Amino acid sequence: MLFGCASTQAPSHQFYLEKKGLGEQTAQNFQHCHGYGCKYITDVTFSEKDWRDVRSAFGTPKTPEAERESIKKAIAVFEQHVGRQTGTHVDQWGTFQKTGHYQLDCVDESTNTTVYLALLEAQGLMQRHKVEPPSARFPLIHSGTWPHQTAVISERENGAFYVVDSWFHNNGQPPEIVDLKQWKEGWKPKREGDTL
């Protein structure tokens, strides 16, 4: 279970999704991983109303920074709508809070987020970034306590890489978007009770 949360870099996000056993992803029909390491793959149907909610959350960002904020909002909406369909609305942050059919580990989270990002890009909403394959960090190479995996985007203008990490929060909350290098060094959001 622990080392399931980190896999090797794939040559493209499409290749990664295929290796995970996910079929063709369209705006109306795509697949959702859950149960740790994509143990369960559930088909999801998205309606025009669902897409209106995503588009409304995304808005019309004018800068790469604003687009990253829009991505956060849109991913949260995806999780809310998909969670209601699949039962994963009960997913709690992290890997050790809870287990079971409807819980997601970082492989599930990064795979699903990669699907959502690819759909945003295909719909012409995400214009200042492109989807990259997920990336991993390992405790013996990078900082951190456990292996961990995340979705990744790159900024089209300057090639900078950012993680889009929804594993740190409960279902339906905006993900964290931070510089990939900073994340590789063990970055995590501060929580109540954390010490410096």
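The values are calculated or read from the model by the stated rules, or taken from the named source; none is laboratory data. Everything numeric here is computed off the predicted structure, so don't read it as measured data. Heads up, the Cβs are rebuilt from the backbone with ideal geometry, glycines too, and the neighbour counts pull from every protein chain shown. Keep in mind that these areas ignore ligands, DNA and RNA; they rest on the heavy atoms of the full protein, side chains included. Shrake-Rupley method; radii C 1.70, N 1.55, O 1.52, S 1.80 Å.
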In segment 146-165, what residues are without any contact (Cβ under 8 Å) to a residue 40 or more places away in the chain and part of a strand (DSSP E or B)? Val152, Ser154, Phe161, Val163
Since Met126 meets every condition but one in (1) open to solvent by less than 10 Å² (accessible area, probe 1.4 Å); (2) farther than 23 Å from Asp91 by Cβ; (3) in contact with a strand residue (DSSP E or B) (Cβ under 6 Å, 6 or more places away or on another chain); (4) not polar (S, T, N, Q), which condition does it not meet? (3)
So, in segment 1-19, of the ones that are open to solvent by 80 Å² or more (accessible area, probe 1.4 Å) and in a loop (DSSP other than H, G, I, E, B), which residue ends up modelled with the highest pLDDT? Pro11
Has segment 20-42 got any residue that is part of a helix (DSSP H, G or I) and under 13 Å from the mean Cα position of the chain (by Cα)? no
If you take the residues of segment 56-68 that are surrounded by 16 or more Cβ atoms within 10 Å (Cβ to Cβ) and touching a residue at least 24 places away in the same chain (Cβ under 8 Å), which of them is nearest to the chain's Cα centre (by Cα)? Arg68
